[in-house]
């Protein structure tokens, strides 16, 4: 993964100031001016707070759900890591697209964000919502076509696909240089925490069997950290951890040393 020091922070500051200033001017003419100005203020506070982190920590923090060109553009100037939602075979399009199921489809093809000039300095985290036996080759081929070999370790594929047949797809992605993370079921992990109840022990066993399919990472909601810790000694080596807390604009510092990446909330004036 590229070093967070690869990008000059001075340029980030300049472009962020220009972007925020432009948004403020536009916002003043909107019916929702007050709300927009508040979002700009929160965005500035977030940028200032992230700038105070140590470089090795700053590079671990990811912008949540940069699913539009505007959000992606701004995230790329504030963060080294960006997370987007991907649907490989959407009902509303004929190619892999960037959006969260249940939200309005905005017609953004994934390939538009895969050009080298648009990739973040660090990791592009693909939260793939529908990866499965019938479509994983479509995503694999698209990534091979657009991602040069030297950047493939920076394109993270996350999936909740836990069937045994997933092992073939995980192996192919990893052979091609792409890390693959298993998405821990959020509600169940939070509810279980460190509990040793029969159901929670059974869930940990299922997760461990799934990780044996060859995943490089385990990703989980930060609120489920106790669940992960309860089975920490059983996790396969050299599995790495990823987390998120989308109600927070800043990461929990005590967790940054224990995870590779940490997604935080990314409020912007473009949110509507």
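Any read-out appearing in this document is the output of simple, stated calculations on the displayed coordinates, not a laboratory observation. Bear in mind that the values here come from a model prediction, so they are computed numbers and not experimental data. Note that we place each Cβ from the backbone using ideal geometry, even for glycine, and neighbour counts take in every protein chain shown.
Numbers below:
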| read-out | value |
| --- | --- |
| Order of 78, 231, 255 - criterion: other Cβ atoms within 10 Å of each residue's Cβ, fewest first | 255, 231, 78 |
| Relative contact order [Cα under 8 Å, 6+ residues apart], region 54-169, whole percent | 23 percent |
| Pair residue 69, residue 174: separation of 7 Å Cα→Cβ label points (nm) | 3.8 nm |
| Antiparallel DSSP beta bridges within region 4-264, as percent of all bridges there, nearest 5 | 10 percent |
| Nearest-ten-degree value, helix 136-146 long axis tilted from longest Cα axis of the chain | 50 degrees |
| Value at 222 nm in deg cm²/dmol, rounded to 500, when DSSP H runs of n ≥ 4 in the chain each add -39,500 (n - 2.57) | -11500 deg cm²/dmol |
| Packing rank of 201-207, 234-240, 184-190, where each peptide gets the mean count of other beta carbons within 10 Å, highest leading | 184-190, 201-207, 234-240 |
| Semi-axes of the equivalent ellipsoid for the chain, Cα gyration tensor, largest first, Å | 31, 22, 18 |
| 0 to 90° range, to nearest 10: angle between helix 9-27 axis and the chain longest Cα axis | 70 degrees |
| Nearest-0.05 FRET efficiency for residue 104 and residue 233, computed from C-beta distance (R0 51 Å) | 0.70 |
| Exposure proxy ranking, count of Cβ atoms within 10 Å, fewest first, for 60, 41 | 41, 60 |
| Value of relative contact order over the chain, rounded to a whole percent, pairs C-alpha under 8 Å and six or more apart | 18 percent |
| Region 181-272: relative contact order in percent, alpha carbon pairs under 8 Å with at least 6 residues between | 27 percent |
| Dimensions in Å of region 183-244 - Rg and Dmax from alpha carbons | 10.5, 28 |
| Residue order, fewest to most beta carbons within 10 Å, for 108, 131, 43 | 108, 43, 131 |
| Nitroxide proxy distance, nm - points 7 Å out along Cα→Cβ at residue 150 and residue 52 | 3.6 nm |
